[in-house]
Amino acid sequence: MKIANIKLENNIILAPMAGVTDKAFRLTTKPFGPALMYTEMVSGKGLFYKSKKTETLLSAEDAEKPLAVQIFGHEPDILAKIAVSTLTSGACIIDINMGCPAPKIVNNGDGSALMKNPELAGKIIKAVSQAVDVPVTVKFRAGWDSNSINAVEFAKIVEESGAAAITVHGRTREQFYSGNSDINIITAVKSAVSIPVIGNGDITDGKSAVKMLTETHCDGIMIGRAAQGNPWIFREVLHYIKTNEILHPPSIDERLDVALKHFELLLKFKGDKRGVLEGRKHMSWYFKGVKGGSVLRAEANKAETPQQMIDILTSFCKHYKNTYNV
């Protein structure tokens with residue numbers, strides 16, 4: 001798959017997720033095969049006013065490349081001015097978020113709110129595209145609500161404004177993450193534009209990945225929530241596409257090994273206190289669906305020190321193996 005002059009090894013991509021796809025998450029996920037990964041959403045205004053917290057979101061390492069940085073905002077001039085500074089992360093693509101449904105984002109006129117103002121969206125894309133010499137991509141949804149499904153018209157404006165590729169999530173802003181992603185909307189968008197289209201929404205395994213690719217004829221797929229605590233999904237999807245075979249799920253030892261490596265990176269980059277606090281959700285995700293996983297989640301949410309978290313994880317896995325003879 002190619003996005004402008006950027007050639008990717010495959011067409012399976014890790015989605016940007018606020019509060020999730022930080023450097024520790026990306027470094028943990030990369031070995032499992034995603035061709036492209038995204039930073040968390042980065043506030044254009046935050047960078048413009050030199051917020052240290054916002055600037056840390058751009059921190060990345062060579063091992064993560066190729067990397068895309070995702071920005072959000074609704075002021076063309078500000079986004080154009082900060083676009084160049086985002087490239088300090090080593091990113092080779094700038095993505096503009098026009099799909100986030102969170103109230104605190106849309107209430108400021110950002111994210112999905114821009115789908116109600118296609119003219120402004122076009123001005124933003126044009127301004128950013130003219131400010132940088134890397135491809136600019138855009139991520140958006142089916143529309144604002146069921147009465148304003150405008151993804152096809154919006155996609156045409158995005159392409160005309162200079163975007164090199166687009167990602168479409170088949171839900172409206174009104175849906176958030178409930179209900180089903182409408183695959184037909186992605187199909188319609190793919191038929192309406194000539195730039196690469198990446199399908200997003202409800203991709204949870206190899207079968208759903210192939211369904212998205214074959215039914216929409218999209219150029220690539222983006223996996224988000226299904227990758228939380230589950231970097232193996234990229235390996236599974238790539239294997240299924242090649243062989244039509246379903247891989248065995250990771251063993252309890254594999255889960256523990258990867259979880260501990262992820263936790264170690266969280267501590268390294270964020271310090272003990274914040275690393276443990278953020279590690280609570282991540283460590284719980286690694287054992288979601290495993291028998292007794294809810295018990296581990298309850299215990300992990302009480303962890304206050306790195307050693308307590310490590311002890312909780314190792315104790316759970318030891319008990320699991322003894323109980324189920326695995």
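Quick look at the numbers
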item	result
Reduced Cα scattering model of the stretch 252-324, Debye log10 I(q)/I(0), q = 0.21, 0.23 Å⁻¹	-0.81, -0.96
Modelled FRET efficiency - R0 25 Å, Leu120 with Tyr177, Cβ distances, 0.05 increments	0.50
Percent RCO, i.e. relative contact order, over the stretch 242-326, from Cα pairs under 8 Å lying at least 6 residues apart	28 percent
Alpha carbon centroid spacing (whole Å) that separates the stretch 207-278 from the stretch 96-114	26 Å
Global size of the stretch 223-272 as Cα Rg and Dmax, reported in angstrom	13.4, 43
Relative contact order, percent, the chain [alpha-carbon distance under 8 Å, six or more residues apart]	13 percent
For the stretch 149-184 and the stretch 7-73, distance of Cα centres in Å	21 Å
Rg over Rh [alpha-carbon atoms, Kirkwood Rh] for the stretch 97-150	1.00
Quarter of the Cα convex hull surface for the chain, i.e. its orientation-mean projected area (nm²)	16.0 nm²
Once the Cα gyration tensor of the stretch 1-56 is diagonalised, semi-axes √(5λ) in Å	25, 15, 8
Qualifying GluC sites (Glu not before Pro) in the stretch 194-285, DSSP loop, other Cβ atoms within 10 Å at most 12	Glu245
Potential lengthening between Asn244 and Glu153 on full extension [0.36 nm per residue; Cα-Cα distance subtracted]	29.2 nm
Spacing of the two label points (7 Å from each Cα toward its C-beta) at Lys321 and Asp77, in nm	6.2 nm
Overall Cα dimensions of the stretch 146-259, principal axis frame, Å, largest first	49, 30, 23
Inter-site label distance for Asn107 and Ala192 at 7 Å from Cα along Cβ, in nm	3.0 nm
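Since every read-out is calculated from the coordinates, none of them should be taken as a lab result. Since the model is a prediction, treat every value here as computed from it, not as a measurement. Backbone-built Cβ (ideal geometry, glycine too); neighbour counts: all protein chains shown.
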